[in-house]
Amino acid sequence: MSGPAEIVVVTNRKGGTGKTTTSVNLAAECAALGQRVLLIDMDTQGHCAVGLGIVPAKDAPTAHSLFLSAEARLADAIHATAWPNLDLVPANPMFEHDSGAGEPTRLADALRGEGLIERYDLILIDSPPSLDGLLMNALCAAKRVLVPFVPHHLSAEGVRSLARVLFKVASGPNPELKLLAFLPVMLDRRIGQHRSVSEGVARQFGQERLLTGIRNDIKLAEAFGKRRPVRAYMPGCRGAEDYALAAREIGERLAALAQRKQT
């Protein structure tokens, strides 16, 4: 990639949909492809740091420092990981959501004002599931939205709820926000419900927006326990293969969108 970074938010209003697993493993796969990747953890669970083996020092700057001090700089919170091309801005697990997230463009302003969009090829944002100022900041900073979802009917309802939020943001504070793709996770194509829900998402939003998906694999959970991406923990497993494919599919879509924009 060249030029300003692609900024992609990984989001779903419903919890338990593999947002952080997707954020960590896609970031690692894209970095392995040679892209300079920054992963920003806006979810106060702080699990991106766990998945990448980062232990921030006590009182070290985090992604949430931006919303506690006008003088805070996002660049001061960047940690290099053990994997080339991959940096992390960790979350603050002690951040209270009602302590105020400030302006909805605070994160966007930091990324641009501090020159981070020129420093990286891809910026991934792991967002919180709650509809609050932190999610709005993530959506206002991004250009593209990636939605991981578990293919059952409650999750499909969550996808439709999220689509309404995205429309509201794109119609207001961030008109550049566009839906990139849906990524089914914990997928078992032998289960009829998994097939029918995935097909329903494709019918509603377009087949071209549905990625191949991530099969169910215990190695993905084990990799977090070992504090590393699955490609480093068990490179031959289904989860590693599927996230490698997802990274390629997303890269192709982003490249096609960039080319379309130029013509």
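When each of Leu124, Leu139, Leu162 is tested for being under 11 Å from Asn12 (Cα atoms) and touching a strand residue (DSSP E or B) at 6+ places or on another chain (Cβ under 7 Å), the lone residue that passes is Leu162. Scanning segment 111-163 for residues that are closer than 27 Å to Ala256 by Cα, modelled with pLDDT under 90 and loosely packed, with under 15 Cβ neighbours inside 10 Å turns up just one, Arg160. A count restricted to segment 159-197 and to residues that are outside any strand (DSSP E or B) and within 21 Å of Val24 (Cβ to Cβ) stands at 3. Scanning segment 51-83 for residues that are more than 19 Å from the chain's Cα centre (by Cα) and assigned to a loop (DSSP other than H, G, I, E, B) yields a count of 14. Whenever a residue of segment 76-94 is of a type in the set (S, T, N, Q), its partners that are surrounded by fewer than 22 Cβ atoms within 10 Å (Cβ to Cβ) and at pLDDT 95 or above, lying with C-beta atoms within less than 6 angstrom and at least six residues away or across chains, give the pairs Asn85/Arg36.
You will find that of Ala246, Ala202, the residue that is out of contact with any Lys or Arg (no Cβ under 6 Å at 6 or more places or on another chain), on the phi < 0 side of the Ramachandran plot and either buried (at least 21 other Cβ atoms within 10 Å of the Cβ) or among the hydroxyl-bearing types (Ser, Thr, Tyr) (or both) is Ala246 and no other.
The values are calculated or read from the model by the stated rules, or taken from the named source; none is laboratory data. Worth saying up front: this structure is predicted, and the values here are computed from it rather than measured. As a convention, Cβ positions derive from the backbone with ideal geometry for all residues, glycine included, and neighbour counts pool all protein chains shown.
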